[in-house]
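Chemist: There's a structure below that I have some questions on.
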Amino acid sequence: MRLVEYILAWGVLVMSLAACSGKDGNEAEKATSAKAVRVAIVEVDECLPLVVAEHLGLLDSLHADVRLIRKGSIAECRQAVESGEADVCVNDEAIDFKLVTSKKARIKRISQLNDKVIAADKEGHSYDLARMAVDSLLNAKQPVFIIQVEDLMVRLKMLTTGNVDAAMLPEPYATMAVKQGGVELPLLNGNGNDNGNQDKGQQSPRSSKLVKVPVIINVAKLKEPLRIAQDSIRRFGKENYEWIWK
């Protein structure tokens, strides 16, 4: 899962920051090891391994020194970092967003988005993807409106009740919407590839805002609890862990 890769990348990044700060590496580690790294997460499939690892007690028993802070939206995760409640937050470029249309809108193709309303987070990657879909309408006769809806559950409810025509949704929300009659439309990235094949090495300027202070995530200790959690999810299925978010 891509979020795991980003978390490990954070660990490398912040350790580099500590090294560049003029402090001895051991001294920097001692300064942060006494305090667990607080990670703000949101209810998406990419965060599930972290939550399962926490539920199974793996973060503590394997001394991963990570504490999870659950939020309702990516925006709330960012605000948690800005306020000092969290040290790092979910990078929404690691999240697989899908464009789902409302059952009431009867939209089956991207070309039918003319004069329609799409719900997304204007400060997040979901907006970039929505904008990309809109920009693909080269001969659009009417504008497409992208409105700000930060909370993922609110975004889902607005879609299923027909208050918006389409929404950018991650899993498990996209599947919930489809089960209620929504239609998933294919997304293209800037290179003409499907969304699942985006270049993970390319990040937007927002990525630089993920770390508020130099913190150290012990990469070696985090890998094992995540591996065990992912094995459990593969073995029992993510449906077995739907209750874990409640």
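Chemist: For the stretch 37-155, what's the radius of gyration and Dmax over Cα atoms, in angstrom?
Modeler: 17.6, 59
Chemist: Continuing with this model, one more query. Which of the peptides 233-243, 65-75 is most tightly packed, and how do the rest follow, judged by the mean count of other Cβ atoms within 10 Å per residue?
Modeler: So the peptides 233-243, 65-75, ranked by packing, come out 65-75, 233-243.
Chemist: Which order do the peptides 85-97, 110-122 come out in when sorted by mean C-beta neighbours inside 10 angstrom, highest first?
Modeler: Those peptides, ordered most packed to least, come out 85-97, 110-122.
Chemist: Right, next: Can you list residues whose amide H is under 5 Å from K98's amide H, if they're 5+ apart or on another chain and H is modeled 1.01 Å from N?
Modeler: It is L169, by chain and number.
Chemist: Determine, at each q value in 0.12, 0.16, 0.20, 0.29 (inverse angstroms), the log₁₀ of I(q)/I(0) that the Debye formula gives when each Cα of the stretch 90-158 is one equal point scatterer.
Modeler: Results for the stretch 90-158 at q = 0.12, 0.16, 0.20, 0.29 Å⁻¹ read -0.31, -0.55, -0.85, -1.51.
Chemist: Return the Rg/Rh ratio of the stretch 31-107 with Cα-based radii and a Kirkwood Rh.
Modeler: Dividing the radius of gyration by the Kirkwood radius yields 1.11.
Chemist: Quantify, in whole percent, the carbon and sulfur part of the accessible surface of the stretch 69-142 (1.4 Å probe; protein heavy atoms only).
Modeler: Here carbon and sulfur together make up 43 percent of the probe-accessible area.
Chemist: Also: Ranked from highest to lowest mean number of other Cβ atoms within 10 Å per residue, what is the order of the peptides 124-134, 148-158, 40-50?
Modeler: Top to bottom by mean Cβ count within 10 Å: 40-50, 124-134, 148-158.
Chemist: Non-local amide H neighbours of I147 (under 5 Å, H modeled in plane, Pro and chain starts lacking H): which ones?
Modeler: Correct list: I118, A119, A120.
Chemist: What nm value, rounded to one decimal, do you get for the distance between E184 and L137 when each label is placed 7 Å out toward the C-beta?
Modeler: 2.2
Chemist: Check which residues have an amide H placed less than 5 Å from I41's amide H, if you skip close sequence neighbours.
Modeler: Under 5 Å from the amide H of I41: I69, R70, K71.
The values are calculated or read from the model by the stated rules, or taken from the named source; none is laboratory data. Predicted, not measured: the structure shown is a model, and the values here were computed from it. Glycine gets a Cβ as well: all are built from the backbone with ideal geometry, and neighbour counts include every protein chain shown. Each accessible area value is taken on the protein alone, full model and side chains, heavy atoms only, with ligands, DNA and RNA left out. Shrake-Rupley method; radii C 1.70, N 1.55, O 1.52, S 1.80 Å.
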